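Heads up: the structure comes next, in structure tokens.
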Amino acid sequence: MVDNGQSTGTFRVKSGMAQMLKGGVIMDVVDAEQAKIAEEAGAVAVMALERVPADIRAQGGVARMSDPEMIQGIQEAVSIPVMAKARIGHFVEAQVLEALEVDYIDESEVLTPADEAHHIDKAVFEVPFVCGATNLGEALRRIGEGAAMIRSKGEAGTGNVVEAVRHMRAIVGGIRRLGVLDHEELMTEAKNLQAPYELVRWVAENGRLPVVLFTAGGIATPADAALMMQLGADGVFVGSGIFKSGDPVSRAVAIVKATTNFKDPKAVAEASRGLGEAMVGREMGDLSEGEKLAARGW
Amino acid sequence: MAGNGERRVTARRSDREDEGPKRVGVLALQGDVREHVEILRRLGVEPVEVRDVEDLEGLAGLIVPGGESTTIGKIMVESGLLDGIRSFFYKGGPVWGTCAGMVLAASATTGQRQPLLGLMNALVDRNGFGRQVYSFEKDLEIEGFEKPFTGIFIRAPFFEDVGPGVEVIGKVGDRIVAAKGENILVTAFHPELTDDHRFHEYFLREVCGL
């Protein structure tokens, strides 16, 4: 939109917003009180949702966009950016979140998908979107649809970082691989990746995604956060890991510290001391196929 | 341990200041550090990622980048960099704050209390332009620039008012979005997100004297 020489909703403005979050931690919160704890701990943004992924898993049922009243309560409580989740393909939930003026929309596999074949056409919105990806092709398809930020999916709500590691290695390894391909190999690779050719070529030439790459799904400890940063993440989403732990305030502060100082093992060790119980984790082998959230998204 | 190795190298270099390219720091606690670092390198100065007070030694200038000002402020307090940067500045060290850096450079905010560097006599309205849906690009007339500069404003602040010693060099309507003092520059927008390096050149030339 252009008004008085001011253009809003440009891709530079949308992807630039994510640039400002780099090196930071984005925390899932379910009410204003948790949002304030997150802000006080040094979170760069909060994700407002009614149930954290661990509770969605435990309680089951269809998981939807949060109540606008709850989102607005959080917006009033903090000065940092507030993000919220829409179901995959549910562009009306996204329209509602845009009307509420959330700062970022997560088109998220943690909620129950509303469309089994299509994602939201994100380019037409003024508000930016972040989407999950398990590999490079999926990341580039989402960017092709207009996503201005990518996060690895992981398995949300498990407290188990193994899937986030798998996805981050797949994305970063995929980027590295493109860098060694000849020009004439790129079209075939675009076909294999099922990704737009122009984006494949951009990544091959620049050695990174054209947007910020965060990590998410199963991060429960300061060392988990530092691990994901060393694997190439620009920043960290922590879902159930903080408010499902024994001492959320200390854990939130500790995960921020470990993310800031991810290359410094002494600082990570210091941050990890005396945090009490981490959230109870789950083995991937114990999850049935239907319980795996990362497979959602096309 | 890569971090420690890098630090030893920079410490050695500061012992021989006049050799090689000038070193300019980018506060690297959180935010869009990489973009500033890349542009500085392109302009022929040696970028230094500043994480500790010791990293400030021997710098010809310091950029405080965009990010979340509450997060950066909190980490600055814990790491001692809040006082470290103040002392760098009051000894004449040149500083440029973009967006969050402009918030942190101010002496007071209209909103809730947060740690500030207080390098500039100014009252800042943090996120004054509103939430992300109101973030925008706009061509700006900047004092001392021949052609307009495209400002990228992201949940941007503005100065409501400035005191003596602060020169306003850019406005959106009546909102102050760029200003300059003796050894300080602030911009509410993000020159590091564009391919136009005139503001980086301006900082190095007019503020750092390079």
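Filtered by the rule that a residue be at the interface with chain B (Cβ under 8 Å from one of its Cβ atoms), in a helix (DSSP H, G or I) and touching a Gly at 6+ places or on another chain (Cβ under 9 Å), region A:15-39 gives A:Gly16, A:Gln19.
Condition check ((1) of a type in the set (Phe, Trp, Tyr); (2) within 14 Å of chain B (Cβ to nearest Cβ); (3) surrounded by 24 or more Cβ atoms within 10 Å (Cβ to Cβ); (4) in a loop (DSSP other than H, G, I, E, B)) across all residues:
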| position | (1), (2), (3), (4) |
| --- | --- |
| A:Ala170 | no, no, no, no |
| A:Ala223 | no, no, no, no |
| A:Gly241 | no, no, yes, no |
| A:Ala267 | no, yes, no, no |
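State the number of residues belonging to region B:174-196 that are free of Cβ contacts under 8 Å to residues at least 60 places away in the same chain and within 25 Å of A:Pro81 (Cα to Cα). Adding up the residues that qualify gives 5. Those helices (runs of 4 or more DSSP H) of region A:40-140 in which 1 or more residues are under 14 Å from the mean Cα position of the chain (by Cα) and within 14 Å of chain B (Cβ to nearest Cβ) are absent. When B:Glu206 is tested against (1) within 11 Å of another protein chain (Cβ to nearest Cβ); (2) farther than 30 Å from A:Tyr104 by Cα; (3) not aromatic (Phe, Trp, Tyr), just one condition goes unmet, and that condition is (1). If you go through region A:92-124 and keep only what is free of Cβ contacts under 8 Å to residues at least 60 places away in the same chain and surrounded by 24 or more Cβ atoms within 10 Å (Cβ to Cβ), you end up with A:Ala94, A:Leu97, A:Val102, A:Ile105, A:Asp106, A:Glu107, A:Ser108, A:Leu111, A:Ile120. Among the residues making up region B:20-48, those that are free of Cβ contacts under 8 Å to residues at least 60 places away in the same chain and under 16 Å from the mean Cα position of the chain (by Cα) are B:Arg23, B:Gly25, B:Val26, B:Ala28, B:Leu29, B:Gln30, B:Val33, B:Arg34, B:Val37, B:Glu38, B:Pro47, B:Val48. With respect to B:Phe149, determine if the residue is surrounded by 20 or more Cβ atoms within 10 Å (Cβ to Cβ), over 16 Å from the mean Cα position of the chain (by Cα) and at negative phi. The answer is yes for B:Phe149. Checked against (1) under 22 Å from A:Glu109 (Cβ atoms); (2) in a loop (DSSP other than H, G, I, E, B), A:Leu181 passes all but a single condition, namely (1). Scanning region A:141-155 for residues that are over 14 Å from the mean Cα position of the chain (by Cα) and either of a type in the set (D, E, K, R) or within 14 Å of chain B (Cβ to nearest Cβ) (or both) yields a total of 2.
On inspection, A:Ser245 does not qualify as outside any loop (DSSP other than H, G, I, E, B), more than 14 Å from chain B (Cβ to nearest Cβ) and among the hydroxyl-bearing types (Ser, Thr, Tyr).
In region B:99-129, the qualifying residues are those that are closer than 24 Å to A:Ala41 by Cβ and among the charged types (D, E, K, R), and the one that is surrounded by the fewest Cβ atoms within 10 Å (Cβ to Cβ) is B:Arg113. Condition check for B:His197 on (1) surrounded by fewer than 19 Cβ atoms within 10 Å (Cβ to Cβ); (2) in contact with a helix residue (DSSP H, G or I) (Cβ under 6 Å, 6 or more places away or on another chain); (3) within 12 Å of chain A (Cβ to nearest Cβ): one failure, at (3). Residues in region B:16-39 include at least one that is part of a helix (DSSP H, G or I), more than 13 Å from every other protein chain (Cβ to nearest Cβ) and at pLDDT 95 or above.
Restricting A:Gly174, A:Gly159, A:Gly89 to residues that are on the phi > 0 side of the Ramachandran plot, crowded, with 18+ Cβ neighbours inside 10 Å and without any contact (Cβ under 8 Å) to a residue 40 or more places away in the chain narrows the list to A:Gly89. The set of residues in region A:14-31 being crowded, with 17+ Cβ neighbours inside 10 Å and without any contact (Cβ under 8 Å) to a residue 60 or more places away in the chain consists of A:Gly16, A:Met20. Taking region A:204-220 as the range and being over 15 Å from A:Arg151 (Cα atoms) and surrounded by 23 or more Cβ atoms within 10 Å (Cβ to Cβ) as the test, only A:Ala220 passes. The single condition among (1) out of contact with any His (no Cβ under 9 Å at 6 or more places or on another chain); (2) within 23 Å of A:Cys131 (Cβ to Cβ) that A:Ala294 does not satisfy is (1). For region A:193-205, check the following and say yes or no: at least one residue is in a loop (DSSP other than H, G, I, E, B) and in contact (Cβ under 8 Å) with a residue 60 or more places away in the chain. The answer is no; no qualifying residue exists. Counting the residues of region B:128-152 that are in contact with a Lys or Arg (Cβ under 7 Å, 6 or more places away or on another chain) and over 18 Å from B:Thr110 (Cα atoms) gives 7.
The values are calculated or read from the model by the stated rules, or taken from the named source; none is laboratory data. Predicted, not measured: the structure shown is a model, and the values here were computed from it. Cβ coordinates were reconstructed from backbone atoms using ideal geometry, including for glycine residues, and neighbour counts include every protein chain displayed.
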